[in-house]
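Enquirer: Okay, handing you the structure first.
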Amino acid sequence: MGLNIDYEHLNQELKDTLQKARPAPPSGFVMAKLDEAIGWARKYSIFQYPFVTACCGMEFMSVAVSHYDIDRFGAGMPRFTPRQADVLFVVGTINHKQAPILKRVYEQMCEPKWVIAFGACASSGGFYDNYTTVRGADKIIPVDIYIPGCPPRPEAVLDGLIMLQAQIQQEGYMNKRKALRKQGLKELHGQP
Amino acid sequence: MDTEKSLSPSAEVDILEPTETRRMRVNVGPSHPAMHGVIQIVVEVEGETIVYSDTNFGYLHRGFEKECENHTYQLCIPYTDRLNYVSPLINNEGFCLAVEKFFGVDVPERCKYIRTMLSELSRISDHQTCIGAAAMELGAFTPFLYLMKGRELIYRILEEVTGHRLTINYMRPGGLAANLPEGFFEHLRDIIPVIREVTSETDKLLTKNRIFIDRTRNVGAISKEDALSFSYSGPCLRACGVAYDVRKAFPYSAYDRVDFEVPVGSTGDTLDRYLVRMGEMEQSVRIIEQCMRQIPDGPVSVNDPRVILPPKQEVYHTIEGLVNHFKLVYEGIRPPKGEVYQMVEGGNGELGYYIVSDGTGRPYRVRVRPPCFMIVSSMDFMIKGAMMADIVPVFGSLNMIAGEMER
Amino acid sequence: MASPKTSAPVAFSSLLSVIKGHFGEVVLAHRSDFGDDTIVVQRERWLDVLRFLKDAPSLAFNYLVDLTCVDYFGQEPRFEMVVHLLAFESGKRLRVKARIPEEDATIASLVPLWRSANWLEREVYDMFGIRFAGHPDLRRILMYDEFEGYPLRKDYPLKKSQPRVPLLSPEREEEEEI
């Protein structure tokens, strides 16, 4: 069950990724190659934190179990502590009573972290527009990928996951690190 | 030598004497892996024993009742899907029956049978999810996978009929959105043996499983009198030995024409609640099989211009049809002034709708009687004096559905 | 108390006369439309009437089905408590109501009769601001403690939210009607 992973294909993909890095000036050479290799490794080892509140949880269960099997995409391992998770799945409606908890969970996650808004309510509030619901999880925390649907079909969820993987691959690890470091230095020493 | 002596257990200490403990406050939830749904239980423990607990919820309050007051009756139906999202068809049915009660319309026979059949499919998926999730929280992952396999088949057949897997918006006051698709009965005939097989596989894995029984027998037991005082209904009440089932006591749709039993337990503990749910799944399959044999041909909606949209042919070619269509869509169904209460047997028990109409196209007040609200209100009572580890099986067997409980 | 419907349901007219025989003129109005029997009783006798309905052997409405409230904004008295009862042996259902004025929005608590009334009354307090005399633990239940106002009252705007954490972007355009 789910064990027939095509290792040859994965190896070939890694080789291709490494070869794609053009033989450029020595400084750029290492950077580009390392970035892509790290991105490739990261996108297939997602530890997710399912923040399941509502109806979408039923479809989340469907995605997680045998029929659709999210494990095929390397994201099968739920971690129920935010400190061990990379991707936060906001599954379902967020209301104002829930908002501080969602924020706290997000803040406890370590960088690098991504957020998927699963379903219409988490994306925009859906058709609940009233005194208690938050109009989308992105009013509380930054969101990377929005999966539409009320609730989304499992195929849509997998599509969203693949989109997130593409984003993770693209995101330069070294550049991001550099930017974070710069930001940290700025915060430490004040404005230059 | 001295240090060694002080580290070794002294001869005077009696190991049978209980060690000194102090009260500790532990927070379970609101985002906890073993709490399906968002609920917070603040527990005070002495050692492992719970001495005080306080259940907090409302993390999925979505303003269902206020939203309904601001929508026409037809537009309330999608909101009812999301009450008990594990068995949405039963919610639809309850709301439609309540609106039909205002008008006194009697839906066609075929519609009644379809409603019964689909409600029972929903009930099976509800119980499958409840048992699967409760077993998974006790560490039994395989039954969860098996039951989800069965649920997936039900979702597929519901998608064929209604167009969506979960939030179906299929029933209308006075009938249904559409007739059954072609090949529905062949498909249903194919999946019924699989549903039965999944149930028996789960039965083999859990019912005689020593670990499962040890974790559930005599855990979270509640007496008949206490259960009635807490307004229990559904499988949790039947586990206490009270054979109250809305389908039998106040039959609606086609339930008075099918033969089924009401499984009851005796002690009202977590194991009994599990056994009652297992028994009910088998009874639901029986009801579906009888409906398949009895279902007549014919229309699925009443021919009543007050509640049902006219056929498209009339809308395009006659002015009366066009006006009727426009009024129904724009102003909504307009029930007479008054109030009704209508109940159906939901996955968790008596699901009631109390609707107050002021004669306009929007309900003045919609109140849902959520069965699991009352059941979960006994949580603090049930776990008092129990062990910390008992919270998980007890809570799992109560089958709290946040969408229904907090609306 | 084995299974429901073991005895014949009491007729609505005889139910009314039983109540009248015990309390006198406590029933302010009664009707049975759409097949549901309804009585409206005096607010001051709320607990007494319900205790009688529950304990009188000829009636035995021993199961509290539901407890809620309706806000008739603009009418006097403004609120209406609604209780649905079920007599378990006979299968008879009854709706009992009482009107509550806005300026003195209190009524007796039913917790001494049914334990499920505890959370149901907390919800009515949370949503409508009705106070229940004798309730052991009257707190908000669905909304959070900082929330001001009572959302299911008709004069509370549908879309007026009260965020607990600062939002990253405004919830709606300013000119949008709430």
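Enquirer: Suppose only helical runs count, i.e. DSSP H with n ≥ 4. What mean residue ellipticity at 222 nm does that imply for chain C under -39500 (n - 2.57) per run, divided by all residues and rounded to the nearest 500 deg cm²/dmol?
Expert: About -6000 deg cm²/dmol.
Enquirer: Take each complete run of DSSP H in chain B, measure how far its Cα atoms stretch along the helix's own axis, and keep only those covering 24 Å or more with mean Kyte-Doolittle hydropathy at least 0.0; list them.
Expert: Qualifying helices, which must be both long enough and hydrophobic enough, are B:141-162, B:184-206.
Enquirer: While we're on this one: For chain B, set up a GNM with springs between Cα atoms under 10 Å and report which of B:345, B:44, B:320 has the largest fluctuation.
Expert: Looking only at B:345, B:44, B:320, the biggest GNM fluctuation is shown by B:320.
Enquirer: Which of the aspartates and glutamates could a cross-linker span from residue B:224 if the Cα-Cα distance has to be under 18 Å and same-chain partners fewer than 8 positions apart are dropped?
Expert: Candidates past the 8-residue exclusion: B:245, B:269, B:272, B:350, B:380, C:55, C:89.
Enquirer: Now for a separate question. Using the charge dipole of the range C:12-177 (Lys, Arg: +1 at Cβ; Asp, Glu: -1 at Cβ; taken about the Cα centre), state which of C:119, C:27, C:88 has its Cα farthest towards the positive end.
Expert: The residue sitting most towards the positive pole is C:88.
Enquirer: Taking the Cα centroid of the range C:109-140 and of the range B:21-90, what is the distance between the two, rounded to the nearest whole Å?
Expert: So the separation of the two Cα centres works out to 18 Å.
Enquirer: If you don't mind, there's one more thing I want to ask. So what is the relative contact order for chain C, in percent, with contacts set as C-alpha pairs under 8 Å and at least six apart?
Expert: 17
Enquirer: Could I ask something else about it? Placing +1 at every Lys and Arg Cβ and -1 at every Asp and Glu Cβ, with all other atoms neutral, what dipole size does the range B:60-195 have around its Cα centre, in debye to the nearest 20?
Expert: Working: 14 positive and 17 negative charges, 21 e Å.
Dipole of the range B:60-195, to the nearest 20 debye: 100 debye.
Enquirer: Using a simple charge model, +1 on the beta-carbon of Lys and Arg, -1 on the beta-carbon of Asp and Glu, nothing else, what dipole does the protein assembly as shown show about its Cα centre, in debye to the nearest 20?
Expert: Charge dipole, the protein assembly as shown, about its Cα centre: 640 debye, nearest 20.
Enquirer: Which order do A:133, B:72 fall in if you start with the one that has the fewest other Cβ atoms within 10 Å? Walk me through the numbers on the way to the answer.
Expert: Values: A:133 25, B:72 19.
Sorted ascending by nearby Cβ count, the order is B:72, A:133.
Enquirer: Using a Gaussian network model of chain B whose springs link C-alpha atoms within less than 10 Å, name the residue from B:383, B:15, B:50 with the highest mean-square fluctuation.
Expert: Evaluated over chain B, the most mobile residue of the options is B:15.
Enquirer: Treat each spin label as a single point 7 Å out from the Cα along the C-beta direction, and report the residue B:141 to residue B:187 distance in nm.
Expert: The modelled label-to-label distance comes out at 3.2 nm.
Enquirer: If you don't mind, there's one more thing I want to ask. If we count other beta carbons within 10 Å of each Cβ, what is the order of B:339, B:406, C:171, B:20, fewest first?
Expert: Fewest-to-most ranking of B:339, B:406, C:171, B:20: B:20, C:171, B:339, B:406.
Enquirer: Once phi is turned into ³J(HN,Hα) by the Karplus curve 6.51 cos²θ - 1.76 cosθ + 1.60 with θ = phi - 60°, what whole-Hz value does each residue of the range B:20-30 show in order, with x for glycine and proline?
Expert: 6, 10, 10, 5, 9, 9, 10, 9, 10, x, x
Enquirer: Using only Cα atoms, tell me the angle between helix C:117-128 and the longest principal axis of chain C; keep it within 0 to 90° and round to the nearest 10.
Expert: Relative to chain C, helix C:117-128 is tipped by roughly 40 degrees.
Enquirer: Which value, in debye to the nearest 20, gives the size of the charge dipole of the range A:47-183 about its Cα centre, when Lys and Arg are +1 and Asp and Glu are -1 at the Cβ?
Expert: Value, rounded to 20: 700 debye.
Enquirer: Starting from the 7 Å offset along Cα-to-Cβ, what nm value, one decimal, do you get for the label separation of residue A:176 and residue A:38?
Expert: Going from the residue A:176 label point to the residue A:38 one covers 0.9 nm.
Enquirer: Another question about this same structure. Assuming a viscosity of 1.306 mPa s and a temperature of 10 °C, what translational diffusion coefficient in µm² per second does Stokes-Einstein assign to the protein assembly as shown, Rh being the Kirkwood radius over Cα pairs?
Expert: 56
Enquirer: Strictly over 21 Å apart at the Cα level, which of B:66/C:160; A:113/C:160; C:54/C:92 would you flag in this model?
Expert: The answer is A:113/C:160.
Enquirer: Read phi for every residue in the range A:47-59 and hand back ³J(HN,Hα) as whole Hz from Karplus 6.51 cos²θ - 1.76 cosθ + 1.60, θ = phi - 60°, with x for Gly and Pro.
Expert: For the range A:47-59, the Karplus-derived couplings read 9, 9, 10, x, 9, 8, 10, 9, 3, 4, x, 5, 6 Hz, x marking Gly and Pro.
Enquirer: Determine, from the Cβ-Cβ distance of residue C:165 and residue B:197 and an R0 of 51 Å, the FRET efficiency 1/(1 + (r/R0)^6), rounded to the nearest 0.05.
Expert: Taking R0 as 51 Å, the efficiency between residue C:165 and residue B:197 is 0.55.
Enquirer: Calculate the FRET efficiency for residue C:106 and residue A:188 from the Cβ-Cβ distance with a Förster distance of 45 Å, rounded to the nearest 0.05.
Expert: 0.15
Enquirer: What list of ³J(HN,Hα) couplings, whole Hz, do you get for the range B:236-251 from phi and the Karplus terms 6.51, -1.76, 1.60, once you set θ to phi - 60° and write x for glycine and proline?
Expert: 3J(HN,Hα) across the range B:236-251, in whole Hz: 5, 6, 5, 5, 7, x, 9, 8, 9, 9, 4, 5, 8, 6, 10, x.
Enquirer: Still on this structure: Report the far tail of the P(r) of the range B:77-202, meaning the percent of Cα-Cα pairs longer than 19 Å. Could the numbers behind the result be given before it?
Expert: On the way: 3903 of 7875 pairs.
Summing the P(r) tail past 19 Å for the range B:77-202 gives 50 percent.
Enquirer: Quick one: B:145, B:83, fewest Cβ neighbours within 10 Å first, how do they rank?
Expert: Values: B:145 16, B:83 27.
Fewest-to-most Cβ neighbours within 10 Å comes out as B:145, B:83.
Enquirer: Among DSSP bridges having both ends in the protein assembly as shown, what percentage is antiparallel? Round to the nearest 5.
Expert: Beta bridges within the protein assembly as shown, antiparallel portion: roughly 70 percent.
Enquirer: Does the range A:47-183 classify as rounded, prolate or oblate by the C-alpha gyration tensor (a ≥ b ≥ c root eigenvalues; a/c under 1.5 gives rounded; else a/b over b/c gives prolate, otherwise oblate)?
Expert: Taking the square roots of the gyration eigenvalues as a ≥ b ≥ c, the range A:47-183 is oblate.
Enquirer: Quick one: if the Förster radius is 22 Å, what FRET efficiency do residue C:148 and residue B:27 give, using the C-beta to C-beta distance and rounding to 0.05?
Expert: With a Förster radius of 22 Å, E is 0.25.
Enquirer: Between residue A:11 and residue A:159, with labels modelled 7 Å along Cα→Cβ, what's the label distance in nm to one decimal, could you check?
Expert: 3.5
Enquirer: Going 7 Å from the Cα of residue A:47 toward and past its Cβ, which residues in the range A:57-76 have a backbone nitrogen under 20 Å from where you end up?
Expert: The answer is A:64, A:70-76, whose backbone nitrogens lie closer than 20 Å to the label point.
Enquirer: Taking N as the number of residues in chain B, what is its Cα Rg relative to 2.2 N^0.38 Å?
Expert: 1.14
Enquirer: Looking at the range B:263-366, which trypsin sites (Lys or Arg not before Pro) are DSSP coil and have at most 13 other C-beta atoms within 10 Å of their C-beta?
Expert: Hits after loop and neighbour filter: B:337.
Enquirer: Mark the label point 7 Å from the Cα of residue C:155 along Cα→Cβ and return the residues of the range C:66-94 whose backbone N is within less than 11 Å of it.
Expert: C:73-75
Enquirer: List the residues of the range B:371-407 whose backbone N lies under 15 Å from a point placed 7 Å from the Cα of residue B:42 along the Cα-to-Cβ direction.
Expert: Backbone N within reach: B:380.
Readers should treat all values here as calculations from the given coordinates under stated rules, not as data from a laboratory. All of these numbers come straight from a predicted model, not from anything done at the bench. Glycine gets a Cβ as well: all are built from the backbone with ideal geometry, and neighbour counts include every protein chain shown.
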